[in-house]
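Step one of this worksheet: look at the structure below.
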Amino acid sequence: MSYTDHGGDRRHRRRNRPASISAMFLYLTFHSIITLVGASIHDYQNETFIRRANSFFFHGGSEGLYASKPIEFNHSLDNFPTGKSFIRFESINFRRTKESAAKASSMQQKTGLVEAIIIKVRDRNNIGGVYLNSDAICCTPELAKEGSCKLGEVIIRENPDEPNGPKRLQTFFEGQNEETNMVIQTVDINSTGMYYLYFMFCDPELKDTLISGRTVWRNPDGYLPGKMMPLMTFYGLMSLAYLFLGLVWFLWFVKYWKDVIQLHYHITAVIGLGMCEMALWYFEYANFNSTGSRPMVITVWAVTFTAVKKTVSRLLLLVVSMGYGVVRPTLGGLTSKVLLLGVVYFVASEALELVEHLGNINDFSGKTRLFLVLPVALLDACFILWIFSSLSKTLEKLQIRKSTGKLELYRKFTNSLAVTVLLSVLWIGYELYFNASDPLGELWRRAWAIPAFWILLAYALLIVICILWAPSRNPTRYSYSEETGDDFDEEAVAVVGSGVKMSGEMSTMLERKDRKASSTSLATDHHVFGVIEDLEEDKRE
């Protein structure tokens, strides 16, 4: 096999260069985790190799794998063993260029080498020349003369005492053949860890070689990647949690169905969407775990329900903050703006979710994903600013009207929302710290908690809203009352006195004008007129 050692490969050992090997591994890792893996069956379709130092590499996948359990045979027709963890190479094909094949000798049996390297993150220093104080990845003539490695191969430190160390699988081109196939084989995983697979070659003559085929990664309990395995259980539990909340809300809804307001229907919709969302994600993960590939139809439905639920939840918070159904009967001219923000957020969220859950490992670059994340982040910021701005106006309006009961209700809601925002900021800080302190994915067994927190936080906030706005026999404590102009609550009645009736006698505009003319009868409660003016302003919006 021909091999050329370029001058840029750094022939001499240098004690200050081992760090460059770690930098190389970090580069490969960041290149691989920019997007999420779409399946435990990794497909390669004429992928190219990337040059790094004096080697060429292609990232074949990375997943957290648990160690194999004692093998048990199931009772299916294929009698496939369960409890076994492995990486299987299937139909892997390498194709070099015609020019590269023409330069090879037809008399030689081996005229090109491609290696498959399986390595755990903790063993990353055993690949390349780190332990030889060299920044080379492939063996150089100098290192070969010393007997440290074989020329043309990736440098790997073999440890007889560590059978689960880096594994090397070699595939050779023969004669002037343009293609070669990797032997179908399975590598058992007997040690838990984050595993990376790289296809690499050292011969510059093999430049522009393409790879196609697939590898199958399996955990003891199924094909679901290790860091996603706890999420399947989590989604199952959250489905039950939403089901329980839905049953309690439904019973309360039916009990006081004559007194429900429009806002209660919106809350019911959010609960129903959350229930469907969690159930769909559970079935999506269960199907993924059993087949090794994401079920396209279920995944699209789950992603869509997630986007719809996130949009409706934010709109619910916004309209509640605006006092919809409490201090104003409609949103007036703001309706179109609220709906426009909801539609834009749904489109942006749907696009981001589809990319994250349907994209394969090399489908999207970091810039593409960042382009989709930024709009969602900006729209979330718009929601937060609008929500708290509306809450401030609603609280101010309730203070002016001296609606003590509703004011106390909104103060509790504001405090709950403030705690939610505070927890969100703290968790975002933790996420940044987690990602910065674990760039290689060594903490993959705890990664599931990152998305799980947001789901739990949204569920907790929904429970708070259900408690504060629960249906009751006295809906006037938080609902808008058109007959009384929404300002004659229980406290106002006490101030005016028992002689003033707050029912049908004051339901018409004519009688309201009469009340304005009768200044003596309402002199002790002059703030009523300010509230009536606010009411007319709300109706004009």
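Name every residue in segment 215-243 that is open to solvent by less than 20 Å² (accessible area, probe 1.4 Å), touching a helix residue (DSSP H, G or I) at 6+ places or on another chain (Cβ under 9 Å) and within 29 Å of Phe58 (Cβ to Cβ), in order of residue number.
Within segment 215-243, Asn219, Gly222, Leu224, Pro225, Gly226, Leu231 qualify.
Does Asn181 count as closer than 30 Å to Trp448 by Cβ and open to solvent by 40 Å² or more (accessible area, probe 1.4 Å)?
no
Of all the residues that make up segment 392-433, how many are in a helix (DSSP H, G or I) and over 30 Å from Ile450 (Cβ atoms)?
Number of matching residues: 18.
Does Arg411 count as open to solvent by 30 Å² or more (accessible area, probe 1.4 Å) and over 30 Å from Met232 (Cα atoms)? Please lay out each step first, then the result.
Numbers: open to solvent by 30 Å² or more (accessible area, probe 1.4 Å): yes; over 30 Å from Met232 (Cα atoms): yes.
Judged against the criteria, Arg411 is a match.
Out of all the residues in segment 358-372, is one or more under 27 Å from Thr268 (Cα atoms) and modelled with pLDDT under 90?
no
Checking the conditions here, which among Ser321, Ser290 is among the polar types (S, T, N, Q), open to solvent by less than 10 Å² (accessible area, probe 1.4 Å) and in the same structural domain as Leu468 (by the TED database)?
Exactly one of Ser321, Ser290 is among the polar types (S, T, N, Q), open to solvent by less than 10 Å² (accessible area, probe 1.4 Å) and in the same structural domain as Leu468 (by the TED database), namely Ser321.
Mind listing whichever residues of segment 122-141 are surrounded by 18 or more Cβ atoms within 10 Å (Cβ to Cβ) and in a helix (DSSP H, G or I)?
Across segment 122-141, the qualifying residues are Asp123, Arg124, Asn126, Val130, Leu132.
Scan Thr82, Thr111, Thr97 and give me the residue that is open to solvent by 30 Å² or more (accessible area, probe 1.4 Å), among the polar types (S, T, N, Q) and at pLDDT 90 or above.
Sole residue among the options that is open to solvent by 30 Å² or more (accessible area, probe 1.4 Å), among the polar types (S, T, N, Q) and at pLDDT 90 or above: Thr97.
Find the residue count for segment 188-214, including only residues that are open to solvent by less than 10 Å² (accessible area, probe 1.4 Å) and acidic (Asp, Glu).
The number of residues fulfilling the criteria is 1.
Can you tell me which condition Lys150 does not meet? The list is (1) open to solvent by less than 10 Å² (accessible area, probe 1.4 Å); (2) at negative phi, and all the others hold.
Every condition holds for Lys150 apart from (1).
Could you check how many residues of segment 430-458 are open to solvent by less than 30 Å² (accessible area, probe 1.4 Å), closer than 23 Å to Trp281 by Cβ and not hydrophobic (A, V, I, L, M, F, W, C)?
Qualifying residue count for the region: 1.
Can you go through Arg294, Arg218 and tell me which one is of a type in the set (Lys, Arg) and either modelled with pLDDT of 95 or more or farther than 29 Å from Gly342 by Cα (or both)?
Working: Arg294 fails: either modelled with pLDDT of 95 or more or farther than 29 Å from Gly342 by Cα (or both).
After applying the criteria, what remains is Arg218.
Return the residues of segment 269-288 that are of a type in the set (D, E, K, R) and over 10 Å from Thr299 (Cα atoms); say none if nothing qualifies.
Glu277
The values are calculated or read from the model by the stated rules, or taken from the named source; none is laboratory data. Remember, it's a predicted structure, so these values are computed and weren't measured experimentally. A quick note on method: Cβ atoms are made from the backbone with ideal geometry, for glycine too, and the neighbour counts reach across all protein chains shown. Note: areas computed on protein heavy atoms with side chains; ligands, DNA, RNA excluded. Shrake-Rupley method; radii C 1.70, N 1.55, O 1.52, S 1.80 Å.
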